[in-house]
Structure formats: C-alpha cells, structure tokens
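> Below you will find the structure I want to go over with you.
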Amino acid sequence: MREAPLQNPAVEGHQPVLRRLIEQALQQFYAPTCVLCGAPGTGDLDLCEGCLADLPTNRHCCSHCSLPLPAELPAGTLCGSCQHRPPPFAVCRTAFRYEDPVPTLVGGAKYRARMNLLRLLGQCLALDLLERNAERPDLLLPVPLHPRRLRERGYNQALEIARVLGRELSLRVDKRSCARVLATTPQTGLEHKERRRNVRGAFRVLRPLDAPWVTIVDDVVTTGSTVSELARALLKSGVERVDVWALARTP
Ligand SMILES: [Zn+2]
Ligand SMILES: [Zn+2]
C-alpha cells in the first residue's frame, strides 16, 4: 500500500501566495533607486540612467597609471610621472575621475557604511572593464586594511569592491594571503614623497600566492603610493605581473 504524502494541503496551498506577497514587498522595498536624485534605478543599479551617464568616466588618461589627461592627447600617452619613474604595477585601470559626484558616492560609502554605494560603484567598474576588454588576472587582491582600522570601520571597502568584481567577472578573490602590518596614518593631506615614506613596509605577503598574475583592487588611487607599495611586496614574493583596478583616480 502506498503511503499518503506527508503534506498539509491547507498550509501548502497558502505558502506560494504568501511567498509571492513577501517577494513583491521586498522587491518594492529594495527596488533600485537612484542614490543621487531618487528616480528609479536603471537595471539593478541604484543609479538612474541620467545620473549614470553624467558620471565622470576616466577614458582620457595615462595608459600606465590612469592619471586623467586632457582629451586632446592621443590614446596611449604616458603622464610625466610614468615617463620619469614608471610605477611597479603593469597597468592601472579606473572607471572614474575622482570628481563630482564620485567623492560623494565614495565618501558616503567609506564613512557611512553604505554598502549599496560600494556595490553600485563596483558594478560600474565591472561594466567599464568589460566594455574596455580589460585583460583578466588569475586573482583579485583587495588592498588589506590594518586590523585596527578594520575594527574601527567594520569592513574593508576594497574587499567589498573586489567581491563585486569577482562575481561579475568570475575571478577569484584572495583576502588572506596578504596583510597590512603597519597602521599608517591617513594619506590625506600628505605630499607624494611623504605618502611613499608613509606606506613603506606597510604590507606583508603571508603565504605564496598561487597565481602568477594578480590584480590589486582599491577604491580610489591618489598618488599611487599605496598600490605601488603593495605591488612591490607582491612582485618580491614571486608574483610575475601585478595590475591595479580601482573605482576612481584623482586628477
Ligand atoms: Zn539619478
Ligand atoms: Zn602615468
């Protein structure tokens, strides 16, 4: 004799309706909304089409360090600094110039723990990299935070961005092989030379990375001192090529 199925028709019958109602409510609650103007978001981005189109993309830039350059210079131009003293990484790619409203978006993300902004900008960077056919590394390595800073802030913004990029571009993210061993003072307000001195010896590679080609992920590249210092540590540990991907580059 076959056993009766273990099912309560009254409960089963209501579950799909309830689930659908909850899903609808959640969808409405989390419906993508532009963080700059409040209009409905485009696709699954919290940014409307107009505001997205107005973001300052960084297409005219140094082909090595992505320093924004005047539009009239031909593609492939190197900035003075890269001609004079090339950075240790192979190439740095950034989606935006660090100009309005990018500082608002990144600043909000950094100091007010607004994860949706970081994810949104990470999605923009992923789209930009796809559009530009950026070469893909074996591994993404977010710039590590010093444990004390991580405790203060509660999260590492570079890791949040790397997670989005890893998901969108199907790349591995490594958050354990490298550590920030010096709690450096904030770089804001420091001159280029001071910044370089400030981050010297800040990173330690804890174990060999099982990847010949690593891309460092950060939020904003200012003078490039931090990512250069990390790139040097990685190259010294045996990594063959190091690139940098970041949301934005300061002019
Ligand atoms: Zn908008
Ligand atoms: Zn450059």
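> Taking loop as defined by DSSP and a crowding limit of 15 other beta carbons within 10 Å, which GluC sites (Glu not before Pro) in region 154-251 fit?
Glu191, Glu240
> In terms of the Cα gyration tensor, with a ≥ b ≥ c the square roots of its eigenvalues, is region 156-251 rounded because a/c is under 1.5, prolate because a/b exceeds b/c, or oblate?
Oblate, because a/c is 1.5 or more while a/b does not exceed b/c.
> Running Debye on the chain with equal point scatterers at the Cα sites and no solvent, what base-10 log of I(q)/I(0) appears at q = 0.12, 0.14, 0.15 Å⁻¹?
-0.73, -0.94, -1.07
> OK, next. If I take every Cα pair under 8 Å that is 6 or more residues apart in the chain, average their sequence separation and divide by the length, what percent do I get for the relative contact order?
Reported relative contact order: 20 percent.
> Given a Förster distance of 35 angstrom, what is the FRET efficiency for Ser81 paired with Ala31, based on the Cβ-Cβ distance and rounded to 0.05?
Given R0 = 35 Å and the Cβ-Cβ separation, E is 0.20.
> Further, regarding this structure: Once amide H atoms are built 1.01 Å from N in the peptide plane, which residues 5 or more positions from Cys61, or in another chain, come under 5 Å H to H?
Correct list: Leu69.
> Here is a follow-up. Would you please name the GluC sites (Glu not before Pro) within region 72-159 that are DSSP coil residues with at most 13 other C-beta atoms within 10 Å of their C-beta?
Glu72, Glu135
> Averaged across orientations, what area in nm² does the convex hull of the alpha carbons in region 71-153 project?
7.8 nm²
> Test of the criteria: in region 171-240, which trypsin sites (Lys or Arg not before Pro) are in a DSSP loop and have at most 16 other Cβ atoms within 10 angstrom of their Cβ?
In loop regions of region 171-240 (DSSP not H, G, I, E or B), the sparsely surrounded trypsin sites (Lys or Arg not before Pro) are Arg172, Lys175, Arg176, Arg200.
Each reported figure results from applying straightforward, stated rules to the coordinates on display, with no laboratory input. Everything numeric here is computed off the predicted structure, so don't read it as measured data. All Cβ positions, glycine included, derive from the backbone under ideal geometry; neighbour counts span all protein chains shown.
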